[in-house]
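Trainee: The structure that follows is given in the form of structure tokens.
We did not get these values from a lab; they are worked out from the coordinates using the rules stated. What you see is a predicted model, and the numbers here were worked out from it, not measured in a lab. Please note: Cβ atoms are built from the backbone with ideal geometry, for glycine as well, and neighbour counts cover all protein chains shown.
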């Protein structure tokens, strides 16, 4: 028998990831077990939990939920005439009548069978859109060719999760091939097409049992989260979801080390994947120089924040040679988002530690992040630089440029000024009544040409002003020294 609780956990994570992946809406849904009294004896049931900022009033929360519903419909069922045939529209995320708001600013949704079914319908729908987008890319077809000939179709919700009607046999064969290969390629996916797909004439259906394995759902989430995090070099002006997530990663580490001025991430490529900037290292901004975190700080983050998982580790020997600093730094503790397990763990913690704010963005709640106390003799400032108030303004300033570095750029620099090319995201936003398909499902597409001449070093700056340069005796006065990198004058992008 499938583990219902594990399936529910992974389905909720999948719900978060597919909405982020499509740039539709930011969600921070988690699952909690709550005691429910339906008879003489209480029972324990899973609930979806949405956490809101304490300063959001009831109208702001309603507006957020309404926006979520609109984005889900726009993406997954723009033809609202068949919405009731494809989803249970009286239940989450299409209806919030069963939602309860707690005193600690949490919104609770009982995970009944129809709520769980809706989450499965959405995930199956996402996989179907992957198949249609791949047809467009691989077979060089235009959007109308596919949209007019592979159409969402009503289906028996008791037996299937998704249905499509195909008007051309050649497109039907391609649709089945790409959808099947996607699911089979997952480590924990079924290995026979007949186990999860059924063809009836020119109709194709995804069977209801395909998501009875929580490990398959986890594989899907890991894949999508890793792709998202490996796209962080895309300028925030081009992709607002990137801005939200980049800020959240930096902010999570900053809240764990509140005594350090951490506002940026050093961004570079792995030596085995030089065209992809998947490695991010938190840096301490000290005005005339920057420092990487030391072992004590890394141990705190890995053990206390990430529950013992080695999320940050010394990657100096893994960094592409062109991206290595030339000034003799020691360890470079960083996150490699090309590892799906690491990306999954980081995103998990961001979701657990965040609240939805009035701008419908993620905001890390300091109360949910274990903090490391500063050394008593540390001369570093005990207060952080002022955080930016306008989160929609983007990441505007270019952080300090290390001496000898071939390329350092702000994550929001314009394409004309930034030597880093934009990654073509796998984005499958729906536009009524047509699908808007992604340009590419390969995150390295479009990168190789422009990244070839890039120096391999980029900075993602989250917010705030640079801190004053601390006392020059920092290294000798602290318990554990950090690798220090001198920097030249600061640049600012227009």
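Trainee: Just round it to a whole percent: the fraction of Cα-Cα distances in region 4-225 exceeding 26 Å.
Mentor: Here the tail beyond 26 Å accounts for 38 percent of pairs.
Trainee: Could you check the simple spin-label distance between residue 170 and residue 240, using points 7 Å along Cα→Cβ, in nm with one decimal?
Mentor: About 4.0 nm, to one decimal.
Trainee: With the Cα gyration tensor of region 115-233 in hand, convert its eigenvalues to equivalent ellipsoid semi-axes via √(5λ) and list them largest first in whole Å.
Mentor: Semi-axes (√(5λ), whole Å): 22, 19, 13.
Trainee: Please order 75, 182 by the number of other Cβ within 10 Å, starting at the fewest.
Mentor: Details: 75 25, 182 18.
Exposure proxy ranking, most exposed first: 182, 75.
Trainee: To continue, here is another question. Ranking 312, 101, 107 by Cβ neighbours within 10 Å, fewest first, what do you get? Let's see the in-between values first.
Mentor: Working: 312 24, 101 13, 107 21.
Listed from fewest to most nearby Cβ atoms, that is 101, 107, 312.
Trainee: Report the FRET efficiency, 1/(1 + (r/R0)^6), for residue 159 and residue 373, where r is their Cβ-Cβ distance and R0 is 60 Å, rounded to 0.05.
Mentor: 0.60
Trainee: Give the relative contact order (percent, whole number) for region 102-249; include only Cα pairs under 8 Å separated by 6+ residues.
Mentor: Value for region 102-249: 17 percent.
Trainee: For residue 314 and residue 97, FRET efficiency with R0 = 60 Å and r from the beta-carbon atoms, rounded to 0.05?
Mentor: E between residue 97 and residue 314, to the nearest 0.05, is 0.70.
Trainee: Using Cβ contacts closer than 10 Å as the measure, can you line up 54, 157 from fewest to most?
Mentor: Ranking 54, 157 by Cβ neighbours within 10 Å, fewest first, gives 54, 157.
Trainee: Okay, next question. So for each of 188-196, 273-281, 55-63 I average, over its residues, the number of other beta carbons within 10 Å; can you give me the resulting order with the highest mean first?
Mentor: Descending mean neighbour count gives 273-281, 188-196, 55-63.
Trainee: Express the relative contact order of region 4-225 as a whole percentage, based on alpha carbon pairs under 8 Å and six or more residues apart in sequence. Write out the running numbers ahead of the final one.
Mentor: Numbers: 305 pairs, mean separation 44.4, N = 222.
Relative contact order of region 4-225: 20 percent.
Trainee: Same structure again: Which distance in nm do the two modelled labels at residue 200 and residue 106 give, with both placed 7 Å along the Cα-to-Cβ direction?
Mentor: Result: 4.2 nm between the two label points.
Trainee: Extension gain residue 209-residue 330, at 0.36 nm per residue separation less the Cα-Cα distance, in nm?
Mentor: This chain segment gains 38.5 nm when fully extended.
Trainee: Between residue 41 and residue 358, what length comes free when the chain is fully extended (0.36 nm per residue of separation minus the Cα-Cα distance, one decimal in nm)? Please report the intermediate quantities before stating the final value.
Mentor: On the way: separation 317, 0.36 × 317 = 114.12 nm, distance 3.90 nm.
Contour length minus Cα-Cα distance gives 110.2 nm.
Trainee: Efficiency by 1/(1 + (r/R0)^6): what FRET value for residue 142 and residue 63, r their Cβ-Cβ distance, R0 = 30 Å, to the nearest 0.05?
Mentor: About 0.25, to the nearest 0.05.
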